[in-house]
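Engineer: Structure provided below as structure tokens; questions to follow.
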Amino acid sequence: MGAVGELVLETRGLTKDFRGFVAVGGVDLKVRRGTIHALIGPNGAGKTTVFNLLTKFIQPSSGAILYRGRDITRSRPADVARQGMVRSFQVSAVFPNLTVLENVRVALQRPLGTSFHFWKSDRSLQGLHGRALELLEQVDLATHRDTVAVELPYGRKRALELATTLALDPELLLLDEPTQGMGHEDVGRVVELIRKVAAQRTVLMVEHNLSVVADLCQTITVLQRGTILAEGPYAQVSTDPRVLEAYIGVPE
Amino acid sequence: MSVPGIQESRTAWRLGIITPGRKRAFFIAMGLLGLALPLAVYPVFLMNVLCMALFASAFNLLLGYTGLLSFGHAAFLGSAGYVTGHVLKAWGWPPEAGLLAGTLVATLLGLVIGGLAIRRSGIYFAMITLGFAQMLYFLAVQLPFTGGEDGLQGIPRGTLFGLVPLDRPLTLYYVVYAIFLLGFFVIYRTIHSPFGHVLRSIRENEPRALSLGYDVDRYKLVAFVISAGLSGLAGSTKALVLQFATLTDSHWHKSGEVVLMTLLGGMGTVMGPSVGALVVVTMDNYLSGVGDWVTVIIGSVFVVGVLAFRRGFVGEALHLARNFPF
Ligand SMILES: Nc1ncnc2c1ncn2[C@@H]1O[C@H](COP(=O)(O)OP(=O)(O)O)[C@@H](O)[C@H]1O
Ligand SMILES: [Mg+2]
């Protein structure tokens, strides 16, 4: 897999220009293996756009992305996901009319290699139920396995999304505001879950809740208007006068 | 963002009075009904219904289970009819080869049209499929072998596998019924396959499916090709039944009609499109005496049907059964 501490993800001069509006401008991001890395910054700073660029949902205007030392700047989104860099979405992304179990199972079924087999019965997927329930157990959703996802409360949907993402056993997990819209109880649960799953992988997360960031993350990158304003551990970043200035007047 | 009309699922959630045993019993009863029906009802009418039911079911694989609205499906129905008609009439091929040829051509057309359209979504996808269908319609009008405005008339039915002469309506009916069941089974199996589950995830949330590592365009393309091929099978069979292939089946009216049948019966349900086809073909058939008013009547039925039964006839019935007792 590679040693803890080496770079798992690196961007060089990553830039996205939306018809003249530079949403991300020359970002050099370095994410080290085995860490929980936070990407913070005021609304509109370009955090989600960075995620979209990293996962190839949009093409950069310039710059390069290296994942595990390989240039993936021109890769396709599904390829990036298959190589172990998996994202979640800022707005809850479940499969609304599938059951909780089916949501997780969709993620689990790809490694079976039968996902194009339209002639095979879906009974062949039943072998995945054990693993699916384990994943649901982690987010306390096992008892809701047959609930249609659309009927879950918002915080529970986000938990389901996290379980679905974890089903892929990603090497690098990109979480876009995983605790946003969650009740207090869910936040605590998700923080513990992230801490737990981060034991075997790298996490890059966008997070507005600074106490969560302080609690979880070793490295923090502060983004403002598409460029990196500051970077370092929480104690250093949180006392940086430029960061304070950027955050004052932008209550989150 | 719940989509009305999409409720089909194989897992245990909310089955209400629908038990697996009852479901099986229902399918067996329907199967037997299909065997007995031609003894009571005019077989050519029934065969027409079966062809349209297969067409709509194939269309529903895209609309109901993949979330793709094609507005050019007449292209597959129509061109397969012409191909089958031509090889049977001009080249004297046996019926099984004729059906195969039509289906194959529609499948290849699906690959080409799908390959070019699949990257677009929503209304753009609908418009590109319509555009291709219009081009094919133009070809159907211009090419010599289609017979232009008159169409291909007097297509011989021949002898199936050199053994079964298809001139008796009842014999033909059972052959058509077997073709329908085969096509229906392929669709049913596709829906309830590992592939079908990926399709459903794409329908439900395409970016999410992509982020899980599914090349969504490839899955959509395979679904499109299967749908086109089976629509072709429906068109080929129809040409064999009616012994003619005309411009009607390539016209964009047919592309609209199949949307109508699917919505009316219930998109995203296994049986819905067949029920919708039955309703529309019946109206077409028995109201043909009313002349131009038939479109107005069908239009009104559609409007009232969709307003009163948002999930379609079958969708509403399933909804009631799942929430039983009310
Ligand atoms: N597809 C797009 N087209 C044009 N502008 C966009 C697009 N996506 C994001 N932006 C703009 O880029 C900026 C950064 O957005 P985003 O990355 O979502 O910010 P954040 O996630 O940090 O709140 C915003 O001003 C937003 O309006
Ligand atoms: Mg954002």
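Where a number appears in this text, it was derived from the coordinates with a stated rule and is not lab data. Bear in mind that the values here come from a model prediction, so they are computed numbers and not experimental data. Glycine gets a Cβ as well: all are built from the backbone with ideal geometry, and neighbour counts include every protein chain shown.
Engineer: Counting C-alpha atoms alone, how compact is the range A:147-219: give Rg to one decimal and Dmax as a whole number, in angstrom.
Structural biologist: Calculated on Cα positions, Rg and Dmax stand at 12.0, 38 Å.
Engineer: Considering only DSSP beta bridges whose two residues both sit in the protein assembly as shown, what percent are antiparallel, to the nearest 5?
Structural biologist: Working: 23 of 39 bridges.
Roughly 60 percent of the beta bridges in the protein assembly as shown run antiparallel, per DSSP.
Engineer: Order of A:THR219, A:THR164, A:THR99, B:THR295 from fewest to most other C-beta atoms within 10 Å? Spell out each step's value before the answer.
Structural biologist: On the way: A:THR219 18, A:THR164 30, A:THR99 22, B:THR295 13.
Lowest to highest Cβ neighbour count: B:THR295, A:THR219, A:THR99, A:THR164.
Engineer: How large, in Å, is the range B:1-160 by the Kirkwood hydrodynamic radius built from its alpha-carbon pairs?
Structural biologist: About 18.7 Å for the range B:1-160.
Engineer: Relative contact order for the range B:246-326 using alpha-carbon pairs under 8 Å, separation at least 6, rounded to a whole percent?
Structural biologist: Numbers: 77 pairs, mean separation 25.3, N = 81.
Reported as a whole number, the value is 31 percent.
Engineer: So what are the ³J(HN,Hα) numbers for the range B:108-120, from phi and the Karplus equation (6.51, -1.76, 1.60; θ = phi - 60°), rounded to whole Hz, Gly and Pro as x?
Structural biologist: 5, 4, x, 5, 6, 5, x, x, 8, 9, 5, 6, 8
Engineer: Using alpha carbon centroids, what distance separates the range A:158-180 and the range A:8-71, in Å?
Structural biologist: Between the Cα centre of the range A:158-180 and that of the range A:8-71, the gap is 18 Å.
Engineer: When the Cα centres of the range B:279-326 and the range B:96-150 are compared, how far apart do they sit, in Å?
Structural biologist: 28 Å
Engineer: If chain B were replaced by its equivalent ellipsoid, with semi-axes equal to the square roots of 5 times the Cα gyration tensor eigenvalues, what would those be, largest first, whole Å?
Structural biologist: Working: eigenvalues 182, 115, 76 Å².
Listed largest to smallest, the semi-axes of chain B are 30, 24, 19 Å.
Engineer: Treating cross-link reach as a plain straight distance, find the lysines whose alpha-carbon is under 27 Å from the alpha-carbon of B:LYS89, omitting any fewer than eight places away in the same chain.
Structural biologist: Partners found: B:LYS238, B:LYS254.
Engineer: How high is the relative contact order of the range A:1-99, given as a whole-number percent (alpha carbon pairs under 8 Å, six or more residues apart)? Can you show the working numbers first?
Structural biologist: Values: 141 pairs, mean separation 27.0, N = 99.
That works out to 27 percent.
Engineer: What is the ratio of the Cα radius of gyration of the range A:93-169 to 2.2 N^0.38 Å, where N is its residue count, to two decimals?
Structural biologist: Details: Rg = 11.9 Å, N = 77, 2.2 N^0.38 = 11.5 Å.
Output field value: 1.04.
Engineer: Given 5 Å bins starting at zero, what is the percent of C-alpha pairs of chain A in each, up to the one with the largest pair distance?
Structural biologist: 1, 6, 13, 17, 18, 17, 13, 9, 4, 2, 1, 0, 0
Engineer: Under a Cβ-only charge scheme (Lys and Arg +1, Asp and Glu -1), can you give me the dipole magnitude of chain B about the Cα centre, in debye to the nearest 20? Show your work: numbers first, answer last.
Structural biologist: On the way: 21 positive and 14 negative charges, 214 e Å.
Rounded to the nearest 20 debye, it is 1020 debye.
Engineer: For B:ASP217, B:ASP249, A:ASP140, B:ASP150, what ranking results if the residue with the fewest other Cβ atoms within 10 Å of its Cβ goes first?
Structural biologist: Details: B:ASP217 17, B:ASP249 27, A:ASP140 14, B:ASP150 10.
Ranking B:ASP217, B:ASP249, A:ASP140, B:ASP150 by Cβ neighbours within 10 Å, fewest first, gives B:ASP150, A:ASP140, B:ASP217, B:ASP249.
Engineer: Here's something else I'd like to know. What's the long-distance tail for the range B:143-194, i.e. % of Cα pairs beyond 12 Å?
Structural biologist: On the way: 985 of 1326 pairs.
Above the 12 Å cut-off, the range B:143-194 has 74 percent of its Cα pairs.
Engineer: A further question follows. So if I restrict to the alpha-carbon atoms in the protein assembly as shown, what is the Rg, and what is Dmax, the biggest pairwise distance, in Å?
Structural biologist: Answer for the protein assembly as shown, Rg first and Dmax second: 27.7, 91 Å.
Engineer: Starting from the Kirkwood Rh over alpha-carbon pairs, what translational D in µm² s⁻¹ does the range B:134-255 have by Stokes-Einstein at 4 °C and 1.567 mPa s?
Structural biologist: Details: Rh = 17.2 Å.
The Stokes-Einstein estimate is 75 µm²/s.
Engineer: Mean separation of Cα pairs under 8 Å and 6+ residues apart, divided by the residue count of chain A: what relative contact order is that in percent?
Structural biologist: Values: 466 pairs, mean separation 66.5, N = 252.
Relative CO of chain A lands at 26 percent.
Engineer: Report the Stokes-Einstein translational diffusion coefficient (µm² s⁻¹, integer) for the range B:234-311, Rh taken as the Kirkwood radius over Cα pairs, at 20 °C with viscosity 1.002 mPa s.
Structural biologist: Working: Rh = 13.3 Å.
Here the translational diffusion coefficient equals 161 µm²/s.
Engineer: Could you give me D for the range B:184-278, from Stokes-Einstein at 25 °C and 0.890 mPa s, where the hydrodynamic radius is the Kirkwood radius over C-alpha pairs? Units µm² s⁻¹, please. Don't skip to the end; give the middle numbers.
Structural biologist: Numbers: Rh = 15.0 Å.
Answer, rounded: 164 µm²/s.
Engineer: How do A:HIS37, B:HIS251 rank when sorted from fewest to most other Cβ atoms within 10 Å of their own Cβ?
Structural biologist: Details: A:HIS37 23, B:HIS251 18.
Placing the least packed residue first, the sequence is B:HIS251, A:HIS37.
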